[in-house]
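Shown next, in structure tokens, is the structure this report addresses.
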Amino acid sequence: MSELQPMIDIRNVSKWYGPVQVLSDCTARIDKGDVVVVCGPSGSGKSTLIKTVNGLEPIQKGEIFVNGVQVNDPKTNLPKLRSHVGMVFQHFELFPHLSVTENLTIAQVKVLGRSQDEAKARGLKMLDRVGLMAHKDKFPGQLSGGQQQRVAIARALSMDPYVMLFDEPTSALDPEMVGEVLDVMVGLAKEGMTMMVVTHEMGFARKVANRVIFMDVGGRLLEDCSKDEFFGQMEARQPRTKDFLNKILSH
């Protein structure tokens with residue numbers, strides 16, 4: 001991959017649900033190794049934007065490229081593309097009737113064509129990576145929410161993705177479980193994983209992100225700047241951003 005080609009390239013993207021516009025002319029570029037936090041008030045289109053990146057949400061206008069492949073080109077093999085784009089959702093999305101190990105291997109076998117042994121070895125390596133090897137034979141229902149989310153991250157990593165998308169990965173968790181999931185994400189960032197993270201965790205944004213995108217209602221992308229500019233140069237931010245930051249940083 002040339003250094004000039006962004007890992008994720010979002011160009012003038014707009015999307016409507018019927019008459020309601022949920023994304024308005026969004027443009028952003030995420031380079032290899034970037035950790036970009038997408039934040040903003042509820043209903044600002046953050047989750048919708050991240051789901052357009054791997055084609056889970058279709059768009060009506062604009063273009064999106066991931067590693068040079070156009071997501072919204074009808075000729076693009078979306079399942080193949082998605083196999084390289086790790087996605088971690090708010091509600092884990094694990095198969096309840098499969099063990100942790102089976103959850104980690106099934107997509108590797110079905111999508112990547114790996115052998116059962118190869119898939120298991122890779123899955124268990126990633127399970128160890130998130131600190132849950134002792135739970136390999138349990139079922140999701142026997143795990144805490146934080147553990148389930150870490151399994152979901154391990155499952156995504158088992159596919160050897162070149163980019164990871166996180167859609168509010170901690171918002172369904174009890175407060176004391178948030179840290180264990182964020183710790184795994186901090187580790188990924190330090191290893192150079194390209195990440196796009198929709199989150200309200202401003203501590204994570206301050207610690208790990210190198211860029212922050214701020215969206216407002218109607219799916220408008222108001223800010224796209226470095227973390228230091230976002231948190232440190234309040235006078236340069238838009239009035240709406242200042243208002244948002246004042247509210248969340250005062251708690």
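What follows draws every value from the coordinates through simple rules; no lab data is involved. These numbers were taken from a predicted model, which means no experiment stands behind them. Neighbour counts are summed over all protein chains in view; Cβ atoms, including those assigned to glycine, are modelled from backbone coordinates with ideal geometry.
Residues of region 21-49 with the amide nitrogen closer than 19 Å to a label point 7 Å from the Cα of ARG11, along Cα-to-Cβ, please.
24-32
Given H placed 1.01 Å from N in the peptide plane, which residues other than close sequence neighbours of LYS32 have an amide H under 5 Å from its amide H?
The list, which skips near neighbours in sequence, is MET7.
Run the simple label-point estimate for ASP137 and LEU249 please: 7 Å along Cα→C-beta, distance reported in nm.
Modelled inter-label distance: 5.1 nm.
In debye, nearest 20, what is the charge dipole magnitude of the chain about its Cα centre with +1 on Lys and Arg Cβ and -1 on Asp and Glu Cβ, if you could check? Kindly include the intermediate steps, with their values, before the conclusion.
Numbers: 30 positive and 30 negative charges, 74 e Å.
Dipole magnitude for the chain comes out near 360 debye.
Taking the Cβ of ALA189 as the center, what net charge do the other residues with Cβ under 10 Å away carry, scoring Lys and Arg +1 and Asp and Glu -1? Could you put the intermediate results ahead of the total?
Values: positive: LYS190, LYS207; negative: ASP34, GLU191.
After counting each charged neighbour, the total is 0.
Give the relative contact order (percent, whole number) for the chain; include only Cα pairs under 8 Å separated by 6+ residues.
26 percent
Between GLN70 and TYR162, what length comes free when the chain is fully extended (0.36 nm per residue of separation minus the Cα-Cα distance, one decimal in nm)?
Net length gain for the segment: 31.6 nm.
Nearest 10 degrees, 0 to 90: what angle lies between the long axis of helix 239-249 and the longest principal axis of the chain (Cα atoms)?
50 degrees
Among ILE248, ILE106, rank each residue by its count of other Cβ atoms within 10 Å, from fewest to most, as a rough exposure measure.
ILE248, ILE106
Working from Cα positions, state the angle (0 to 90°, nearest 10) between the long axis of helix 175-190 and the longest principal axis of the chain.
Long axis of 175-190 versus the principal axis of the chain: about 90 degrees.
Counting only other residues whose beta carbon sits under 15 Å from that of ASP174, what net charge do I get with K and R as +1, D and E as -1?
-3
Mind giving me the FRET efficiency for ASP174 and PHE95? R0 is 22 Å, r the Cβ-Cβ distance, nearest 0.05 is fine.
The pair ASP174/PHE95 has a calculated efficiency of 0.45.
Based on other C-beta atoms within 10 Å, arrange LYS125, LYS80, LYS15, LYS136 from fewest to most.
LYS80, LYS125, LYS136, LYS15
Treat the count of other C-beta atoms within 10 Å as a stand-in for reagent exposure and order CYS225, CYS26 from fewest to most.
Result, fewest neighbours first: CYS225, CYS26.
What net charge do the residues around LEU56 carry, taking every other residue with its C-beta under 11 Å from that of LEU56, with Lys and Arg at +1 and Asp and Glu at -1?
Charge balance in the 11 Å sphere: 0.
Taking 7 Å along the Cα-to-C-beta vector as the label spot, tell me the GLU235-VAL109 distance in nanometres, rounded to one decimal.
About 6.2 nm, to one decimal.
For GLU191, project a label point 7 Å along Cα to C-beta. Then give me every residue of region 11-33 with its amide nitrogen under 20 Å of that point.
Only 31-33 fall inside the zone, counting backbone N under 20 Å.
Measuring from centroid to centroid over Cα atoms, what is the spacing of region 29-87 and region 199-251 in Å?
21 Å
From the phi angles alone, apply the Karplus equation (6.51, -1.76, 1.60; θ = phi - 60°) to region 91-108 and give each ³J(HN,Hα) in whole Hz, x where the residue is Gly or Pro.
Here the 3J(HN,Hα) series is 10, 6, 6, 7, 7, x, 8, 10, 5, 4, 4, 5, 4, 6, 9, 4, 6, 4 Hz.
Could you give the length gained by full extension between ARG29 and LYS207, i.e. 0.36 nm per residue of separation minus their alpha carbon distance, to one decimal place?
Taking ARG29 through LYS207 to full extension adds about 62.0 nm, to one decimal.
Quickly rank 91-101, 143-153 as a protection proxy: mean count of other C-beta atoms within 10 Å, highest first. Show your work: numbers first, answer last.
Details: 91-101: 15.9, 143-153: 22.8.
The packing order, highest mean first, is 143-153, 91-101.
Compute the helix-to-body angle for 116-129: its Cα long axis versus the longest principal axis of the chain, expressed 0 to 90° and rounded to tens.
The two axes meet at around 60 degrees.
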